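Chemist: This is the structure, below, for whatever I ask next.
Throughout, read-outs are computed from the coordinates displayed, never taken from laboratory work. Just so it is clear, the model here is predicted, and its values are computed rather than measured. Neighbour counts run over all protein chains shown; Cβ positions are idealised from the backbone, glycine included.
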Amino acid sequence: MSLPALSAALRRSALRRGNSFAPRALASTRAFASLGPLIPVDTEQHDHAVKEFEAGDLPSENDLLAMIRRLENPRPTLTLPLLVIESMLPGQRLILDSAFDSSLDGLADAGGEIGVFGMSSRPPASSGDRDAHCHLHSHGVSARLQRNATWQQWEIIAQHAIQHVGPAGSGPNGVDLVQAQLIVDDVSEADVEAAKALPPLVDEWCEQVLRMNVERFEGQLNGVVEDLGEMPSPESPGDLAFWVAALVNPLPALGVAFEIRPKVLAARSVSDRLKIARKGIEGSIEHITGRRLLF
């Protein structure tokens, strides 16, 4: 079927709410390292990114129209060395010590940016199934990997949100490669309006973190904000949602919010991303102030 014909068919489907579109199953991949969960996870909020769609879980009309735009304007596919570790958001910085040398040396030798993805695991389906099932998250970030020889540490600095497309074999040094596409936002005026609610919440959240003295170490909040850079304006609602989520789920964790990084990465629209970020920071404020404890 030609692209125009496919686009027309998808538009008709958007009106009929007919068939659901399930993501292609992801190929399994080898994890280089796992830090384990850094902070408590809300099972209702936490999105494993790779999930089974039920028959009634249909995409919205906006989702279908966004899919049409992506088909009509395909994004370039990147091939990146793969690191499977903790989920990260754009602007975040993760420090790893020399214990990760064997895993990261090959990635550094590959040069350029790497693809960082988290993993989710499901418990055995039955007593006869002894193995837990691990799945690569469908969304992650491109990142810079650099070594600080003075401190014998590695720095991973997240750059752009990306979506997993498929495996890309192995590099010359045996490093696993992954194909990914950059996430490009489709922004509406409603998204810009919704984003205007976030800056006041950021001010309140920062004030409560300092007032209640919940930093794990002195200067933690300042360091997080310095890594993330200036807060995006509501006119860039998608970037602002990522920034807010990275603020309440910093690395290392503050421990005052549910884990929302995988879910905010996998959000199907800017609107959904904003809702996740807002719910996350509002819940964190309630937890810090004691109005409603999260865990």
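Chemist: Sort Trp151, Trp205 so that the residue with the fewest other Cβ atoms within 10 Å of its own Cβ comes first and the one with the most comes last.
Modeler: Trp151, Trp205
Chemist: Here's another thing I want to ask about it. Using 0.36 nm per residue, how much length does the chain from His160 to Ser121 gain when fully extended, once their Cα-Cα distance is taken away?
Modeler: Here the answer is 11.6 nm.
Chemist: Based on other C-beta atoms within 10 Å, arrange His139, His160, His287 from fewest to most.
Modeler: So the ranking, lowest neighbour count to highest, is His160, His287, His139.
Chemist: Which far-off residues, 5 or more places away or on another chain, put their amide H under 5 Å from the one on Gln153, with H placed in the peptide plane?
Modeler: Long-range HN contacts for Gln153: Asn148.
Chemist: What ranking do Glu218, Glu113, Glu259 get, fewest neighbouring Cβ atoms within 10 angstrom at the top?
Modeler: Glu218, Glu113, Glu259
Chemist: Using 17 Å as the cut-off for backbone N distance, which residues of the range 164-201 belong to the label zone defined by a point 7 Å from the Cα of Asp109 along Cα→Cβ?
Modeler: 170-177, by backbone N distance to the label point.
Chemist: Compute log10 of I(q)/I(0) for the range 189-289 with the Debye formula, placing one identical point scatterer on every Cα and leaving out solvent, at q = 0.14, 0.17, 0.18 Å⁻¹, to two decimals.
Modeler: -0.47, -0.69, -0.78
Chemist: What distance in nm lies between label points placed 7 Å from Cα along the C-beta direction at Glu226 and Arg291?
Modeler: Between Glu226 and Arg291, the simple spin-label model gives 3.2 nm.
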